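Each remark here refers to the structure printed beneath this line.
FYI, it's all coordinate maths here, none of it is from the lab. Worth saying up front: this structure is predicted, and the values here are computed from it rather than measured. Cβ sites come from the backbone with ideal geometry, for glycine too, and all protein chains shown count toward neighbours.
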């Protein structure tokens, strides 16, 4: 299960960023996971919860933004989600598509509580 390794990498990144907030507490981390990244969001959440428990970061929450495959039409420039195998542009019917997203696997943000103030990183 490679989700465990990815969850560990997310925690490493959170720890590396924690020094930017010496008076704050990181309470949420957001990640973007694309449909084509090969990561199961449910397994990712399970692994993350398992490894954050009992650490100095508990109760750090993980929020996952699931990103579908996206294409852009080379003819008309329209951008859209493309589930399934229909790779024709819904606007102009052209089959000349260019891949534009859905393979993301990235740390998107941190939410930090600093007294009564919350800041995004």
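Below 8 Å, C-alpha to C-alpha, sequence gap of six or more: please give me the relative contact order for segment 1-87 in percent.
Dividing the mean separation by the residue count of segment 1-87 yields 31 percent.
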With everything on Cα atoms, drop me the angle between helix 3-17 and the longest principal axis of the chain, reported from 0 to 90° to the nearest 10. 60 degrees
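Taking only DSSP H segments of four or more residues, each worth -39500 (n - 2.57), what value at 222 nm results for the chain once the sum is divided by all its residues, to the nearest 500 deg cm²/dmol?
Working: 2 runs with 27 residues, N = 121.
Only helices count here, giving -7000 deg cm²/dmol.
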Tilt, helix 41-52 to longest principal axis of the chain (alpha-carbon atoms), in degrees rounded to tens, equals 10 degrees
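In which sequence would 35, 49, 63, 85 go, from the one with the fewest C-beta neighbours within 10 Å to the one with the most? Could the numbers behind the result be given before it?
Values: 35 18, 49 15, 63 12, 85 5.
With the fewest neighbours first, 35, 49, 63, 85 line up as 85, 63, 49, 35.
For the chain, what proportion of DSSP beta bridges, expressed in % and rounded to the nearest 5, is antiparallel?
Details: 19 of 26 bridges.
Antiparallel bridges: around 75 percent, rounded to the nearest 5.
Work out, step by step, the length gained on full extension between residue 25 and residue 91: first 0.36 nm times the residue separation, then minus their alpha carbon distance; give nm to one decimal. Numbers along the way, then the final one.
Details: separation 66, 0.36 × 66 = 23.76 nm, distance 4.65 nm.
Between residue 25 and residue 91, full extension yields 19.1 nm more.
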What are the principal axis extents of the Cα atoms in the chain, in Å, biggest first? 54, 33, 19
